[in-house]
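Worksheet for the structure shown next.
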Amino acid sequence: MVSLTIYDGASGIGGNKLYLEDGGRGVFLDFGKNFGKYGFFYEEFLKNRDTRGIHDLIHLDLLPKLNIYRPDLIPRDLDVRSYPALDVSAVLLSHAHMDHCGNVGTLRTDVPMVASPESIVIMKGMQDTVNASIEGDTAYFSSRIPSDEAGLYLSSDRKANHHGRDFCCTERPSEVLASFLSRKLGQDGRNAKKLEPGTCCCYDDAFFPFEISAHPVDHSIFGATAYILRGDIAVAYTGDFRLHGKNGDSTREFVKAAKEASVLITEGTRAGRSNSPDGETTSEESVCDVCRRTVEASSGLVIADFSARNFERLESFQEIAQKTGRELVVPAKDMYMLDALAAIGSAGVSESLRIYDEIGNVSRKWESEVVRPKYGDRYVDHAAIRNNLNNFILCFSFFDMKHLLDIKPDGGTYIYSACEAFNEEMEIDFVRLWHWLSRFNIIPAGFSVVKADGGKYNPSFEKQFHASGHASREDLAWVIDQIDPDRIVPIHTESREWFADRFDNVVLAEEGIPIEF
Ligand SMILES: [Zn+2]
């Protein structure tokens with residue numbers, strides 16, 4: 001008998017941790033970080049302490065109380081032996097957004113991850129370029145050891161090498177991928193820790209409690225994958241998906257394949273949201289058009305702000321730059337990732353793509369070992385941009401506004417091409433962003449801020465500048481109708497009632513309570 005236990009992500013957006021079991025053996029579908037729940041307790045200056053391993057996360061119910069975690073992350077004052085020890089054969093990763101992969105680093109090191117080559121590259125690339133944290137330990141990890149007598153304080157073991165997690169790739173892994181996984185930048189230094197890579201096989205060659213097939217789907221990040229698992233019955237898991245992106249056809253292919261599934265576990269991010277008044281979902285193509293027209297009508301510097309890992313949008317802006325006679329300038333970090341994706345054949349790096357030369361960044365290993373040697377002639381600094389403002393589209397976001405103090409533009413356009421603010425902290429950041437832009441006489445497109453009566457500033461957003469990564473309500477209904485499953489399990493949504501009202505075979509899971517099929 002197949003059973004599904006949703007440990008997290010049943011009734012909110014993100015943090016998916018779904019355990020699917022057959023005959024005592026099982027797999028997790030995603031093991032993500034639940035930003036909403038983290039936000040109940042934490043913010044930028046109050047974070048969970050990596051030096052306490054999983055202690056803080058377990059006590060705040062940010063990780064399920066299970067006995068499945070890395071022993072080196074368990075301090076002596078946390079006893080996990082009474083928690084259920086699930087048999088976890090693998091984590092099947094849908095995509096490399098942190099709300100799907102951000103807690104994988106806490107799992108026992110012998111649990112392999114099934115993932116697409118793009119997801120593997122993005123996770124490793126992200127880990128290479130950000131400061132180490134338990135949440136970021138998706139592709140490799142460095143063991144921790146107690147460094148106080150009581151065994152409560154866990155610090156990184158300076159003598160031990162980094163270890164790579166084992167991967168089961170959804171395509172036969174190329175040599176390029178294997179070699180990308182086998183190096184930690186800076187490891188050639190005399191005292192530097194090396195990376196001992198894990199295994200990287202093809203998932204066809206591995207043994208799981210289910211017969212598993214992986215299906216690419218379209219989402220706002222490369223490499224998104226849906227899965228069909230066949231045991232006693234067939235279960236389809238969508239991960240995050242949409243139909244209105246450039247790869248919408250791959251989602252349609254998955255829908256065809258999923259017709260055999262009797263259980264459909266589907267995301268429903270936009271189930272509660274109506275479309276724009278004219279009923280049209282903004283598509284990736286129409287966003288590209290609107291942004292191109294905005295660039296054409298602009299003079300002076302153009303800044304494009306979109307999610308750093310939305311490579312499809314980045315490709316759109318490469319195209320826009322070419323058509324409008326400008327050069328696209330990306331942060332060095334994005335170039336590092338693009339280079340890795342291009343190496344496995346999953347992204348295009350146009351000849352004219354430039355890299356922003358930040359003042360004072362000399363010690364970043366991924367930059368000095370990869371980006372500078374390969375793309376040294378593509379760097380452009382603040383002075384070169386200032387001298388030829390009409391020549392560039394800069395890929396900056398709010399957090400890069402400090403660089404405007406070096407470039408010192410006067411006028412220009414800021415295109416905001418990402419999701420709307422969905423909480424108060426984000427709204428405050430938009431007001432700050434707006435102040436930065438006003439300071440340099442830059443006109444915002446895609447959002448605006450108005451001062452309401454009483455002096456409060458309110459940001460508002462223009463829908464046509466961003467296409468969501470998620471299927472619209474109408475598309476969700478179409479997908480469900482096509483697959484026509486016996487049972488529908490909505491997840492990753494704040495609107496489960498939309499499913500329950502519309503379909504009569506909806507199962508509303510309670511977190512931690514198994515559903516048997
Ligand atoms: Zn996602």
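The values are calculated or read from the model by the stated rules, or taken from the named source; none is laboratory data. Given the structure is predicted, the values throughout are model-derived calculations rather than measurements. With ideal geometry, Cβ positions are generated from the backbone for all residues, glycine too; neighbour counts draw on all protein chains shown. SASA here: full protein model, heavy atoms, side chains in, ligands and nucleic acids out. Shrake-Rupley method; radii C 1.70, N 1.55, O 1.52, S 1.80 Å.
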With all protein chains in place and a 1.4 Å probe, F499 shows an accessible area in Å² (nearest 10) of 0 Å²
Please list, by residue number, every one of the trypsin sites (Lys or Arg not before Pro) in the range 173-203 that is coil in DSSP and has at most 11 other beta-carbon atoms within 10 Å. R190
Exposure ranking of E135, E175, E315, E196 by accessible area [1.4 Å probe, largest first]: E175, E196, E315, E135
Unit charges on C-beta of K, R, D, E only; dipole of the chain, Debye: 1500 debye
Only Lys, Arg, Asp and Glu count, each charged at its Cβ (+1, +1, -1, -1), so figure out the dipole size of the range 235-276 about its Cα centre, rounded to 20 debye. 180 debye
In square angstrom, rounded to the nearest 10, how much accessible surface does W434 have for a 1.4 Å probe? 60 Å²
About its Cα centre, what dipole magnitude does the range 1-148 give when the only charges are +1 on Lys and Arg Cβ and -1 on Asp and Glu Cβ, stated in debye to the nearest 20? 200 debye
Candidates per trypsin sites (Lys or Arg not before Pro) in the range 20-125, loop by DSSP, up to 15 other Cβ within 10 Å: K47, R49, K65, R76, R81, R108
Length gained if I428 through V450 is fully extended, taking 0.36 nm per residue and subtracting the Cα-Cα distance, is 6.7 nm
How many angstrom lie between the C-alpha centres of the range 392-456 and the range 130-169? 37 Å
Identify, among I442, L66, C201, the residue whose Cα sits farthest towards the positive end of the charge dipole of the chain, taking +1 on the Cβ of Lys and Arg and -1 on the Cβ of Asp and Glu, with the dipole about the Cα centre. I442
Among L20, N48, Y83, which residue has its Cα positioned farthest towards the positive end of the charge dipole of the range 1-85, with +1 placed on the Cβ of Lys and Arg, -1 on the Cβ of Asp and Glu, and the dipole taken about the Cα centre? Y83
The correct ranking of D56, D484 by accessible area at 1.4 Å, largest first, is D484, D56
Taking only protein heavy atoms and a 1.4 Å probe, the highest-to-lowest accessible-area order of V130, V506, V255 is V130, V506, V255
In deg cm²/dmol, rounded to the nearest 500, the helical mean residue ellipticity at 222 nm of the chain, built from -39500 (n - 2.57) for every DSSP H run of length 4 or more, is -7000 deg cm²/dmol
